[in-house]
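Before any comments, here is the structure.
Here, each number is a calculation from the coordinates, and none is a lab measurement. Not measured: the values here are computed from a predicted model. Don't worry about glycine lacking a Cβ; one is built from the backbone with ideal geometry, like all the others, and counts go over all protein chains shown.
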């Protein structure tokens, strides 16, 4: 699993670098065309924005989802209420909630997903 994950992230990195190089080449090649200067500048700006947005999407969004980095973000207040409600359905939920409260740290979004899956599994078992 780890090798597949590393290969996927390397692929995203390679795609990002390739796209960035292609964007730079496109910007440089626009200078060689016999077009008005204002049109060249407009096209260059469009290329820059598209390449930057795509590179950001590839590395941040896709990479974050593959690596599950979002799992470590603090849960929002509404999520915390949902976590408390879900924990009340689990037999060991109160002990887990007390342990988190004793650490004085917020719940994370990854914990919310784990608690949801445990509640679903527990509900099916009943």
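Give the value in nm², to one decimal: projected area of the alpha carbon convex hull of region 1-97, averaged over all directions.
If you wrap the Cα atoms of region 1-97 in a convex hull and average its projections, you get 9.9 nm².
In percent, how large is the relative contact order of region 77-125, given Cα pairs closer than 8 Å and 6 or more residues apart?
Across region 77-125, relative contact order equals 43 percent.
Can you give the angle from 0 to 90° between the axis of helix 93-103 and the longest principal axis of the chain, with both taken from C-alpha atoms, to the nearest 10?
For helix 93-103, the angle is close to 60 degrees.
For region 77-125, compute Rg over Rh where Rg is the Cα radius of gyration and Rh is the Kirkwood radius from the inverse mean 1/r over Cα pairs.
0.95
Could you tell me the calculated FRET efficiency between residue 62 and residue 31, based on Cβ-Cβ distance and R0 = 30 angstrom, to the nearest 0.05?
After rounding to 0.05, the efficiency reads 0.40.
Under a plain spin-label model, where a point goes 7 Å from the Cα along Cα-to-Cβ, how far apart in nm are residue 52 and residue 92?
That separation, rounded to one decimal, is 4.9 nm.
With the crude spin-label approximation of a point 7 Å out along Cα→Cβ, what separation in nm comes out for residue 9 versus residue 117?
Computed distance between label sites residue 9 and residue 117 equals 1.9 nm.
Helix 109-125 versus the longest principal axis of the chain: what is the Cα-based angle in degrees, 0 to 90, to the nearest 10?
Tilt relative to the chain: about 50 degrees.
Would you calculate, for the chain, the mean residue ellipticity at 222 nm contributed by helices, counting each DSSP H stretch of 4 or more residues as -39,500 (n - 2.57) and dividing by all residues, to the nearest 500?
Using -39500 (n - 2.57) per qualifying helix, the result is -25000 deg cm²/dmol.
If one takes the longest principal axis of the Cα atoms in the chain, at what angle in degrees, from 0 to 90 and to the nearest 10, does the Cα axis of helix 77-87 lie?
Between helix and principal axis, roughly 40 degrees.
How far is it, in nm, from the label point at residue 80 to the one at residue 44 when both lie 7 Å from their Cα along the line to the Cβ?
It is 5.0 nm.
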